[in-house]
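First the structure, in the form of structure tokens, and then the observations on it.
Bear in mind that the values in this text are calculations on the coordinates, not laboratory data. The structure displayed is predicted, hence computed values, not measured ones. Glycine gets a Cβ as well: all are built from the backbone with ideal geometry, and neighbour counts include every protein chain shown.
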Amino acid sequence: MDKIKQYFPQLTTSQCSQFEGMEALYRSWNEKINVISRKDIDHLYLHHVLHSLAIAKFIGFRPGSEILDLGTGGGFPGVPLAILFPEVSFTLVDGTAKKIRVVQEVVDGLGLKNVTALPVRSEDLDGKFDFVVTRAVASLDQLNTWCYRLLKKKMQNAIPNGLIALKGGAIMDEIKAMTRKEYIETYPIERYFPEAYFKEKFVAYVQG
């Protein structure tokens with residue numbers, strides 16, 4: 001939790017309380033429904049929360065924005081981002097209903113009013129969003145195929161609407177494999193957070 005405060009010193013008392021409350025909730029629910037590996041739960045704030053918040057170093061979502069977290073799993077990156085941006089609406093979806101159950105319990109436990117959690121697949125989604133965010137879901141090419149129809153045309157943020165994916169490893173191979181030649185930017189997360197865990201991890205932005 002100290003790392004969150006270090007990199008986001010502007011947090012309110014309420015936000016600090018919500019971030020601090022995540023650990024007990026995830027530990028409790030993870031014993032019933034495993035959404036985070038047993039050994040990784042001890043690194044919740046570094047490996048999951050701070051990793052998710054790398055997106056917030058790339059872009060500050062403006063109030064009123066609508067964000068889709070596609071394949072949210074246990075609620076990442078959506079839950080940490082929803083705490084950080086209370087005036088932004090987040091829709092968190094995953095095809096595995098038991099994962100969404102955990103997400104809903106965490107959201108309720110934290111008192112988040114700006115999150116909707118749905119057990120649906122991307123192809124069954126209706127609605128339009130300013131950005132789609134993801135972490136460890138699929139290749140950029142596949143993600144772009146899923147996301148394209150879900151993006152709003154009208155933009156209200158500092159950059160055009162699009163996909164923002166947390167990626168690791170051979171990011172250039174994924175970019176070369178893109179069948180649609182979209183505008184893409186990549187940013188090393190260690191630019192924002194110098195911890196060794198973030199080496200060879202990236203924020204990838206694909207303009208919609």
All aspartates and glutamates inside 14 Å of Lys167 as judged from Cα atoms, apart from same-chain residues fewer than 8 positions distant: Asp141, Glu185, Glu190, Glu200
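Select from region 82-168 those trypsin sites (Lys or Arg not before Pro) which occupy a DSSP coil region and have at most 14 other Cβ atoms within 10 Å, ordered by residue number. Don't skip to the answer; put the middle values down first.
Details: sites: Lys98, Lys99, Arg101, Lys113, Arg121, Lys128, Arg135, Arg149, Lys152, Lys153, Lys154, Lys167; in loops: Lys113, Arg121, Lys128, Lys152, Lys153, Lys154.
Passing sites in region 82-168 are Lys113, Arg121, Lys128, Lys153, Lys154.
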Summed side-chain charge close to Glu190 - residues other than Glu190 whose Cβ falls under 13 Å, Lys, Arg +1, Asp, Glu -1: +2
Overall dimensions of the chain as given by Cα atoms, namely Rg and Dmax in Å: 15.9, 46
Links that overshoot a 18 Å alpha carbon limit, given the list Lys153/Lys201; Lys39/Lys199; Lys154/Lys181; Lys57/Lys201; Lys99/Lys199; Lys152/Lys176: Lys153/Lys201; Lys39/Lys199; Lys154/Lys181; Lys99/Lys199; Lys152/Lys176
Around Ala204: net Lys/Arg minus Asp/Glu count, Cβ-Cβ under 9 Å: -1
Proximal aspartates and glutamates relative to Lys113, as straight alpha-carbon distance under 18 Å, when same-chain residues fewer than 8 apart are discounted: Glu20, Glu66, Asp69, Glu87, Glu105
